[in-house]
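Below: the structure, in structure tokens.
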Amino acid sequence: MANVAALVGTWRMISWTRKVVASGEVTDAMGADPIGYIAYHADGRMMALVVNRHRPALKGPRPADDEKIALFDSMLAYSASYTLEDDRVIHHVDASWNPAWGTTDLIRPYILDGDRLVISDAPGTDPTTGEEVIYRLEFRKV
């Protein structure tokens, strides 16, 4: 298991897949080649932001109401405090782009290998579909 000092920093997302538990189907969680970052700070706080690289272009200078739905559904953002337990990082969410998440704990098994961070076998409920899924996220240190 890595220590906090090794985890601290900014990590750029390489990939994010989701496996639907019921069917076994594996897809890209936020489209192919997502734009995403996760940052862990020495003060015990973290933040995550991910967007689909292929978000729809706006029709005007500001998004219309129907465009806002597509933009909301093509992103994820939250902040949390975090703790490490064995081979898991636990995000204690206190603010999220999606209020349905509330203030929950996201338990994330992880592997840290130099400049590579893999969060895998992370179970959860897909916030857009409600399906039970298993996530795998890969990052490189910035």
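What follows draws every value from the coordinates through simple rules; no lab data is involved. Because the structure is predicted, anything quoted here is derived from the model rather than measured. Note: ideal-geometry Cβ built from the backbone for every residue, glycine included; neighbour counts use all protein chains shown.
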Cα-based Rg / Dmax (Å) for the stretch 4-141: 15.2, 49
Residues with amide H under 5 Å of N98's amide H, sequence separation 5 or more or different chain, H placed in the peptide plane at 1.01 Å from N; which? A77
Gaussian network model of the chain, springs between alpha carbon atoms under 10 Å - residue of A95, A42, A29 with greatest fluctuation: A42
When the label point is put 7 Å from the Cα of I107 along its Cα-to-beta-carbon vector, which residues of the stretch 2-31 have a backbone N closer than 16 Å? none
Pick from V50, V118, V20: which residue has the top mean-square fluctuation in a GNM of the chain where Cα pairs under 10 Å get a spring? V20
Output wanted: per-residue J couplings in Hz (rounded whole) for the stretch 129-137, from phi through Karplus 6.51 cos²θ - 1.76 cosθ + 1.60, θ = phi - 60°, x for Gly and Pro. 10, x, 6, 6, 9, 10, 9, 9, 10
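Go ahead and run the numbers for FRET between D126 and A42, Cβ-Cβ distance against an R0 of 30 Å, rounding to 0.05. Can you show the working numbers first?
Numbers: r = 32 Å, r/R0 = 1.05.
With R0 = 30 Å, the Cβ-Cβ based efficiency is 0.45.
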A correct Karplus calculation of ³J(HN,Hα) over the stretch 96-110, with 6.51 cos²θ - 1.76 cosθ + 1.60, θ = phi - 60°, whole Hz and x for Gly and Pro, returns 8, 4, 10, x, 4, 5, x, 10, 10, 9, 9, 8, 10, x, 9
Pick from V93, V51, V21: which is most flexible by mean-square fluctuation in a GNM of the chain where alpha carbon atoms under 10 Å apart are linked? V21
Starting from the 7 Å offset along Cα-to-Cβ, what nm value, one decimal, do you get for the label separation of S23 and D94? 3.9 nm
Separation between the T83 and A70 pseudo-spin-labels, each 7 Å from Cα along Cα→Cβ, expressed in nm? 4.3 nm
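Can you tell me the FRET efficiency between A57 and I35 if r is taken as the Cβ-Cβ distance and R0 is 25 Å, rounded to the nearest 0.05? All intermediate terms of the calculation are to be shown ahead of the outcome.
Working: r = 15 Å, r/R0 = 0.61.
In this case the efficiency is close to 0.95.
Tell me, what is the percent relative contact order of the stretch 4-141, built from C-alpha pairs under 8 Å that lie six or more residues apart? Could you put the intermediate results ahead of the total?
Values: 298 pairs, mean separation 34.1, N = 138.
Relative contact order for the stretch 4-141 comes out at 25 percent.
If the stretch 1-83 were replaced by its equivalent ellipsoid, with semi-axes equal to the square roots of 5 times the Cα gyration tensor eigenvalues, what would those be, largest first, whole Å?
On the way: eigenvalues 156, 72, 25 Å².
Square roots of five times the eigenvalues give 28, 19, 11 Å.
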J(HN,Hα) series, the stretch 3-10, from Karplus relation 6.51 cos²θ - 1.76 cosθ + 1.60, nearest Hz, glycine and proline x: 8, 4, 4, 6, 7, 4, x, 9
